[in-house]
1. Give the number of residues within the range 408-437 that are closer than 17 Å to residue 368 by Cβ and without any contact (Cβ under 8 Å) to a residue 40 or more places away in the chain.
2. Mind telling me which of the residues 562, 605, 580 ends up being farther than 24 Å from residue 279 by Cα, open to solvent by 30 Å² or more (accessible area, probe 1.4 Å) and free of Cβ contacts under 8 Å to residues at least 60 places away in the same chain?
3. Can you pull out every residue in the range 456-474 that is over 27 Å from the mean Cα position of the chain (by Cα) and either in contact (Cβ under 8 Å) with a residue 60 or more places away in the chain or within 16 Å of residue 436 (Cβ to Cβ) (or both)?
4. From the set of residues in the range 477-529 that are out of contact with any Lys or Arg (no Cβ under 9 Å at 6 or more places or on another chain) and among the β-branched types (Val, Ile, Thr), which is most open to solvent (accessible area, probe 1.4 Å)?
5. Collect the residues in the range 367-409 that are over 13 Å from residue 438 (Cα atoms), in a helix (DSSP H, G or I) and modelled with pLDDT of 80 or more, keeping them in residue-number order.
6. Consider residue 585 carefully, then state whether it is touching an Asp or Glu at 6+ places or on another chain (Cβ under 9 Å) and either assigned to a helix (DSSP H, G or I) or surrounded by fewer than 23 Cβ atoms within 10 Å (Cβ to Cβ) (or both).
7. Does residue 425 meet the test of being at pLDDT below 95 and touching an Asp or Glu at 6+ places or on another chain (Cβ under 9 Å)?
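The values are calculated or read from the model by the stated rules, or taken from the named source; none is laboratory data. If you're wondering where the values come from, they're calculated on a predicted model, not measured in any experiment. Virtual Cβ from ideal backbone geometry, glycine too; neighbours counted across all protein chains shown. Calculation scope for accessible area: heavy atoms of the full protein, side chains included, ligands and nucleic acids excluded. Shrake-Rupley method; radii C 1.70, N 1.55, O 1.52, S 1.80 Å.
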Amino acid sequence: MTNFTKIKKVSPPGAGAQECGENVCIVRGRETACQGKGVSPGIVIGRAYVYDNLLTAVPQYRIAAEAVEGECERFLKAVRETSRQFDLLWEQAKGVLEDDPVSYLFDVYRHMLNGSRLLRGVRERIKNDLINAEAAVQTEINLIADAFTAMDDAYIASRLEDVRGVGRRLIRNLMGDAQENFSQLPENAVILARDLSAADTALLDPKKVAAFATMTGSPQSHTGLLARSLGIPAVVAAPNLLTSARTGDIVIIDGAYGKIIICPSQEEVDRYRKYRADFLRWKRSLKRLRRLPSVTSDGVYVSLKGNIDLPTEVEILVQTGVDGIGLLRSEYMFMNRNDLPSEDEQFEILKEMTGRMEGKPVTFRTFDVGGDKCPTFLNTSSTPNPALGVRGIRYALRFPELLATQFAAVLRVAAYADVRVLLPMVCSVEEVVSAREIFNRVADRLRAAGTPIGERVPLGVMIEIPSAALNASVLARHCDFMSIGTNDLIQYALAVDRTDAAVSSLFNPLHPAVLKLIKMTADAAREANIPLCVCGEMAANVRYAPVLLGLGVRELSMPAANVAMVKERIRSLRMSDMENYANGLLSLPSSTDVINRVNGFEAENR
């Protein structure tokens, strides 16, 4: 539920469960409340359309050796038909979307249907295992899914949605099944689905589809991006969503806080009607914020920047009036391809993106994968525990040529734009020193070749490991800026995998240890007189903004959809009050005490 600052002093229903990241499903008679992750803000009361698109009856049988060629041809025919369908979908999607935010997505789909790991794997499985094409596709999708779900990176793991979408269409074309296009939906429909591919989402007509919710997915997915582009409220990752839902049920969707209520009571309907009216008034008021500075009521400026996963998100981000890009993830350059992107290719992509930022700074994070989440073309060995293995800067230093290529591209872009480099998963000073040595060698090589580069490109570190936060005062002397990745910092500090349902309730941004680590890092940055940014999910939450600013943070980076809400919150508060409030939190002994104090502060300052 969205925090309606300056509009209505009410406590948003379901907000408390958000502190621990729980996925809960509470049944009270027929009324069922499910908690997921909000990916596109808005409140809708509509009629459910249940779309359970699980492929439960994929045929599996062995084929004779002499039938392999025919089976491969049948598979290639399905590939051609799927490719044709995606071309048609793109033409239809352009008619629904006002601009072109997803052309890159359809390029990804086309690549997956042209020489990708998926296609190669299916053909090899048909030939080697002597199985039918449907079974080969399903097996290959499952293998890719296993690898992706083991990844400890939300962006890369979210790409699984795209692979599954392509695989599902291939199987249905092999089986001759019709494709769902949602063309016959009534107005004010709320789609409740196991999952929705981005291609399906691009076809949703906002005049008919009021909202949607899915059992799977992530805020970083293409589906979430498209929902925000279309202005459709949406919730993902609600695992119990289809347990009791039926087509025709009344359903409430809160796309900001991820709340779903199926068959709500009249009391809940009346409550959310009021919230919806408040939300619409509040949303209209946010348009003025684009031109207003992010300044507290006592005159302290707070820099607000955006997190970017894909080039297509730049235009949306620019429209929010941010101060720049605080986190540009580079992993998308390496996905769904058979080779490494060249220096020139990375340079052209970055130059085009930074050019659209109108001179504002862009922070480029180097390749942040390793262990089980490596592209297959790098041919690295797996590790028993990838979260604690060779990843982030450790991986990059094992493949210095990969890191050098990225450094070269950024240095060249820096001749034309304000760009800086961010090193992920830093644990020690030695890693920063080694990376800077490579950085300096690359700069010397480019200068010797007469290639234009930036005169001084800042090199920063991500604080995502407790050891880095504990040693932040030393790290600060060896870098030009620091960024706190709160998602991983919380996970490592509390020994909690938030994707594991058995322990996800323990993932708590307000744990006293987490607050102390953030404070320690903020103090180190201030003493070294270097910038500090928070770019994890805490930065995007209006409840946590006063905590982070009170602890000493002066720069927040977040998805475009959250910028206006956070800016409004900052403008409504005094920095001196937030500092007293946050310092008081540091003295509290338990998470329960912290959460109660946060709830009290929110109630007093809405």
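1. 2
2. So the residue among 562, 605, 580 that is farther than 24 Å from residue 279 by Cα, open to solvent by 30 Å² or more (accessible area, probe 1.4 Å) and free of Cβ contacts under 8 Å to residues at least 60 places away in the same chain is 580.
3. Selection gives 456, 474.
4. Residue satisfying both the conditions and the ranking: 499.
5. 394, 395, 409
6. yes
7. Against the criterion (at pLDDT below 95 and touching an Asp or Glu at 6+ places or on another chain (Cβ under 9 Å)), residue 425 qualifies.
Residue-by-condition table, conditions (1) touching a residue at least 24 places away in the same chain (Cβ under 8 Å); (2) over 23 Å from residue 564 (Cβ atoms); (3) not polar (S, T, N, Q):
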position: 211; (1), (2), (3): yes, no, yes
position: 218; (1), (2), (3): yes, no, no
position: 231; (1), (2), (3): yes, no, yes
position: 236; (1), (2), (3): yes, no, yes
position: 243; (1), (2), (3): yes, yes, no
position: 258; (1), (2), (3): yes, no, yes
position: 263; (1), (2), (3): yes, yes, yes
position: 266; (1), (2), (3): no, yes, no
